[in-house]
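The values are calculated or read from the model by the stated rules, or taken from the named source; none is laboratory data. This structure is a prediction, so every number in the text was calculated from the model and none was measured. Cβ coordinates were reconstructed from backbone atoms using ideal geometry, including for glycine residues, and neighbour counts include every protein chain displayed. For the accessible areas, the whole protein counts, side chains as well, though only heavy atoms, and no ligand, DNA or RNA atoms are used. Shrake-Rupley method; radii C 1.70, N 1.55, O 1.52, S 1.80 Å.
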Amino acid sequence: MKTEDFLVTFHLPKGQLEQTICEENLSVLRNKLMMDIIDRNIDYIEIDGTIIFTRHIKSFDIREK
């Protein structure tokens, strides 16, 4: 399966955080992030060792790298 690198900017209460995420396409990445953020059973997401608490994520943007 071929994957692409995407630059995701998470907008948080005290600034923003950028992470590169590798996924098969943009819509799959967007759907996975949205489902993780709105799922009340998931308190945080971990990306390359960085923990982001889902309750702090106000929004996010995705760009192809």
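Could you give every pair whose Cβ atoms fall below 9 Å, whose first residue belongs to region 34-61 and is surrounded by 10 or more Cβ atoms within 10 Å (Cβ to Cβ), and whose second residue is in a strand (DSSP E or B) and acidic (Asp, Glu), counting only separations of at least 6 or pairs across chains?
Note: pairs meeting the criteria are Ile52/Glu46.
Can you name every residue in region 18-33 that is without any contact (Cβ under 8 Å) to a residue 12 or more places away in the chain and over 12 Å from Arg63 (Cα atoms)? Walk me through it before giving the result.
Start the filter on region 18-33 by keeping residues that are without any contact (Cβ under 8 Å) to a residue 12 or more places away in the chain, which leaves 18, 27-28, 31-32.
Once the filter is applied, which keeps residues that are without any contact (Cβ under 8 Å) to a residue 12 or more places away in the chain and over 12 Å from Arg63 (Cα atoms), region 18-33 yields Val28, Asn31, Lys32.
Quick one: in region 14-33, of everything that is polar (S, T, N, Q) and open to solvent by less than 60 Å² (accessible area, probe 1.4 Å), which residue is nearest to Thr3 (Cα to Cα)?
Result: Asn25.
Specify which of the listed residues (Glu18, Glu46) is touching a Ser or Thr at 6+ places or on another chain (Cβ under 6 Å) and among the acidic types (Asp, Glu). Can you show your working first?
Details: Glu46 fails: touching a Ser or Thr at 6+ places or on another chain (Cβ under 6 Å).
The match here is Glu18.
Of a type in the set (Ser, Thr, Tyr), touching an Asp or Glu at 6+ places or on another chain (Cβ under 7 Å), exposed (fewer than 13 other Cβ atoms within 10 Å of the Cβ) and not in a helix (DSSP H, G or I), is that true of Thr9? Break it down stepwise before answering.
Numbers: of a type in the set (Ser, Thr, Tyr): yes; touching an Asp or Glu at 6+ places or on another chain (Cβ under 7 Å): yes; exposed (fewer than 13 other Cβ atoms within 10 Å of the Cβ): no; not in a helix (DSSP H, G or I): yes.
Against the criterion (of a type in the set (Ser, Thr, Tyr), touching an Asp or Glu at 6+ places or on another chain (Cβ under 7 Å), exposed (fewer than 13 other Cβ atoms within 10 Å of the Cβ) and not in a helix (DSSP H, G or I)), Thr9 does not qualify.
Residue check: is Met1 surrounded by fewer than 13 Cβ atoms within 10 Å (Cβ to Cβ) and assigned to a helix (DSSP H, G or I)? First the steps, then the outcome.
Working: surrounded by fewer than 13 Cβ atoms within 10 Å (Cβ to Cβ): yes; assigned to a helix (DSSP H, G or I): no.
Taking the combined requirement at face value, the residue does not satisfy it.
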